[in-house]
Amino acid sequence: MKALEVVAMTTKTILLIYKEPNMQEVVKACLTDLGGWNVRVANSTLEGLRQAILYQPDSIILDISTGAIDEFLFLKQLKTLPTTQAIPVVLLTLKAKWVDLQQSLFPQDKIAAVIVNPLDPAMLSVQIAQALGWDLD
């Protein structure tokens, strides 16, 4: 009898930081159902930073609101900690021009991509995979 070969599949883990609960569920469903990724959820940047340190996700998806001081302080802190500085971040936002301006103030944050709302649920996982250089199965 031949031994069965077991192939360990490594599923990527994403930390989703999204304050609005309804959209958080939509985005999480897109990432799990269409992307096939494991998704951890945080409702605030403080909780997100704690989870990033504890779980070391493969990427962070961060919703940026128009008054995004907390989010940019989060990015700055994330990139100064040795345990989290290499984690790529994808921003979701309604205000692309505003984020472009703010992003220029933080070039060291190494944002992988900025995806502008309204989101196309069918394309979100594709956009994220392309930004991060990941394959979709």
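Every residue, every condition in (1) among the β-branched types (V, I, T); (2) at pLDDT below 95; (3) part of a loop (DSSP other than H, G, I, E, B); (4) surrounded by fewer than 14 Cβ atoms within 10 Å (Cβ to Cβ), yes or no:
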residue	(1), (2), (3), (4)
M1	no, yes, yes, yes
E5	no, yes, yes, yes
T10	yes, yes, yes, yes
C30	no, yes, no, no
R50	no, no, no, yes
I'd like to know if region 89-96 contains one or more residues that are modelled with pLDDT of 90 or more and out of contact with any helix residue (DSSP H, G or I) (no Cβ under 8 Å at 6 or more places or on another chain). no
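The values are calculated or read from the model by the stated rules, or taken from the named source; none is laboratory data. Given the structure is predicted, the values throughout are model-derived calculations rather than measurements. Using ideal geometry, Cβ is built from the backbone for each residue, glycine included, and neighbour counts are taken over all protein chains shown.
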